There are 2 protein chains.
Amino acid sequence: VSAADPATAWVDGRPCASVSVLDRGLHFGDGLFETIACCRGRPRFLALHLERLALGCERLRLAGVDFAALRREVATLAAEQDRALIKVLVTRGIATARGYAARGDEHATRIVLRYAWPTEAGQPSETGVAARVAQLRLAESPALAGLKHLNRLELVLARAELADPEVFELLLLSQSGRVVSGSMSNVFIVQHGALRTPRITLAGVAGVMRRVVLTRTQAHGLPVSEADLSMADLASAEEIFLTNARIGIYPVRALDGRALVPGPITRRVQALLASALDNPQDP
Amino acid sequence: VSAADPATAWVDGRPCASVSVLDRGLHFGDGLFETIACCRGRPRFLALHLERLALGCERLRLAGVDFAALRREVATLAAEQDRALIKVLVTRGIATARGYAARGDEHATRIVLRYAWPTEAGQPSETGVAARVAQLRLAESPALAGLKHLNRLELVLARAELADPEVFELLLLSQSGRVVSGSMSNVFIVQHGALRTPRITLAGVAGVMRRVVLTRTQAHGLPVSEADLSMADLASAEEIFLTNARIGIYPVRALDGRALVPGPITRRVQALLASALDNPQDP
């Protein structure tokens, strides 16, 4: 039993630990995924996860995903779990012809995996985490930007840069030098007291927690915007924090060795989200 | 039984039609593939395919692939086949931890599939094929350029542009407007009597047949070079042809409606390769 073994694995609604050797997810990365945090028996922000997944399916013209079944399966796997992670993968299914082209007669494959909540030393949401800027620059692909698709090889390569276990996350620039995100998180910075996060138009994933932060801060009147950000913006940021479905909001306490202090805006955003993170509601 | 059903599927040396739901090939596209043409019982250019695969493994730091077993398996599946295609996939194996990072303790997964040789109307290597330039522009990623990796979603999307069954191939530019390749082939053009093919430094696959054409034309004293090519170069090309492991060399007889004639250089290159394509030798 390894750290990666899910407690439960379902494929198309049945307990199953394998997929066809012809699945287009394997051959081409032709699919999407979601990582959903579960808390007190409920999936967090499930509606937003399913909405992003549906939007991704639309952009990829990946039809036939049974969202009602998916919603039921995630809810069932979340029930009675105090803390757990559920990873959903949806692929275009088994190839019905050779080659890249989809014929349109494929049946989507639906995979749901439940993992134990990872253990972490300390209280990173309080004390913050260290981050570094990666050497590898992400490809810019407007057709894929924003999607949580299965083509993740660049991130696998980027993570290989990270040997220091004390560094929690790598921040990534794109080929033209724009800040995109962390390898597994989105990034927000504070400049002159205002929140800014990279636009996700050329590369990166439009994270669910990023969206939650954007909408809740706007709703509470905090100045916040999506922008083109560079290394210089990172270097001059008053505060930096990371977001993803599991971590919620982690302040960055060091970036490439420069010390940062979890600041008042970061704390305010954490406070705005605390209840939603601890007590998931439907939808 | 669909057009995509392989006659034979082996995983790690045993008849098997499935892979683990935790395979990193599925989750991240963390792997590589080869498509090998078999002719008269032998795999064509097997040594070159295995060499490219080994180079790809090195670049991805994907260790532990049993190349001796792979060579045996491909040879076994090719035997007694007059014509067949063998697709090899190699992934980093089952995830041993959550997240993108490889821990280094993974065991590579080796998949070998044999497909029937596709039937095609007419004699495209004689009369040529029609091609179009795709709207979608490929991402530029020096870290991945050249590799035949499993992140192929852009090509899936590009192929969706191709509704006309009379058009055989889509040519692709990259984000900065450079010609890269076809969706499933490499491309050569003739300008002022000299052969040119796009450099594969930012995007695209360094095809085995492309390499064979480059080395054999050089060996026979034909002027040939790798270059940065644009739409203007395609528009002014005297001849254009496509290469891949299966098709060998197909002349382009029309590009975006502009008629082209399979010319003398194309015919000369076809003649140079004819024997090697029809009678594969070891190595």
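Each other copy places its own label point for residue A:61 at 3.9 nm from this one, sorted shortest first, where the point lies 7 Å along the Cα-to-beta carbon line.
For chain A, set up a GNM with springs between Cα atoms under 10 Å and report which of A:255, A:273, A:157 has the largest fluctuation. Result for chain A, Cα springs under 10 Å: A:157 fluctuates most.
With the helix formula -39500 (n - 2.57) applied to DSSP H stretches of n ≥ 4, chain B reaches a computed 222 nm mean residue ellipticity of -7500 deg cm²/dmol. Need one word for segment B:2-72: rounded, prolate or oblate. Basis is the Cα gyration tensor (sqrt eigenvalues a ≥ b ≥ c); a/c below 1.5 gives rounded, then a/b vs b/c decides. It is oblate, given that a/c is not under 1.5 and a/b is not larger than b/c.
Enumerate by residue number the GluC sites (Glu not before Pro) in segment B:108-203 meeting two conditions: DSSP loop (anything except H, G, I, E, B), and at most 13 other Cβ atoms within 10 Å of the site's Cβ. When the GluC sites (Glu not before Pro) of segment B:108-203 are filtered for loop state and at most 13 Cβ neighbours within 10 Å, B:120, B:166 remain. Mean projection of the Cα convex hull over all viewing directions, computed for chain A: 14.8 nm².
Between copies, the label points at residue A:117 (set 7 angstrom from Cα along Cα-to-Cβ) are spaced 6.0 nm, reported in nanometres from shortest to longest. Near the amide H of residue A:97, within less than 5 Å, lie the amide hydrogens of B:4, all on another chain or at least 5 residues away, with H placed in the peptide plane.
The loop-placed trypsin sites (Lys or Arg not before Pro) in segment A:70-108, going by DSSP, that have at most 13 neighbouring Cβ atoms within 10 Å of their Cβ come out as A:103.
Expressed to the nearest 5 percent, the antiparallel share of DSSP beta bridges inside chain A is 75 percent.
The distance linking segment B:68-141 with segment B:211-250 is 22 Å (Cα centroid to Cα centroid, whole angstrom). Starting from the Cα gyration tensor of segment B:55-152, take the square roots of the eigenvalues, sort them a ≥ b ≥ c, and report rounded, prolate or oblate (rounded when a/c is under 1.5, otherwise prolate if a/b is larger than b/c, else oblate). Oblate is the answer for segment B:55-152, as a/c is 1.5 or above yet b/c matches or exceeds a/b. Applying the criteria of a DSSP loop state and at most 13 other Cβ atoms within 10 Å to the GluC sites (Glu not before Pro) of segment B:10-89 yields B:80. Which shape class, rounded, prolate or oblate, goes with segment A:68-211 when its Cα gyration tensor gives a ≥ b ≥ c as root eigenvalues, a/c under 1.5 marks rounded, and past that a/b bigger than b/c marks prolate? The shape class here is oblate. With label points set 7 Å from Cα along Cα→Cβ, the inter-copy distances at residue A:226 are 3.7 nm, sorted shortest first. The 3J(HN,Hα) values that the Karplus relation (6.51, -1.76, 1.60; θ = phi - 60°) gives for segment A:134-139 are, in residue order, 6, 5, 4, 9, 6, 5 Hz. Gly and Pro appear as x. Pair-distance distribution P(r) for the protein assembly as shown, from all Cα-Cα distances in 20 Å bins starting at 0: 21, 52, 24, 3 percent. If you add up the charges near residue B:216, with Lys and Arg at +1 and Asp and Glu at -1, over every other residue whose beta carbon is less than 13 angstrom from its beta carbon, what do you get? Result for the local shell: +3. Provide the net charge surrounding residue A:278, with neighbours chosen by a C-beta distance below 14 Å and charges set as Lys +1, Arg +1, Asp -1, Glu -1. Here the charged neighbours net out to +4. Taking the C-alpha atoms only, the angle from helix A:67-78 to the longest principal axis of chain A is near 60 degrees.
Lysines near residue A:148 by alpha-carbon distance under 19 Å, same-chain residues fewer than 8 away left out - which ones? Correct list for residue A:148: A:87. Per-residue Karplus couplings for segment A:18-33, computed as 6.51 cos²θ - 1.76 cosθ + 1.60 with θ equal to phi - 60°, are listed in order as 9, 10, 4, 5, 9, 4, 5, x, 6, 6, 10, x, 8, x, 9, 9 Hz, Gly and Pro entered as x. A cut-off of 5 Å between modelled amide H atoms, ignoring neighbours fewer than 5 places along the same chain, links residue B:256 with B:131, B:132, B:133.
Values quoted throughout were computed directly from the atomic coordinates according to the rules given, and no laboratory measurement underlies them. Computed from a predicted model, the values in this text were never measured in an experiment. Cβ sites come from the backbone with ideal geometry, for glycine too, and all protein chains shown count toward neighbours.
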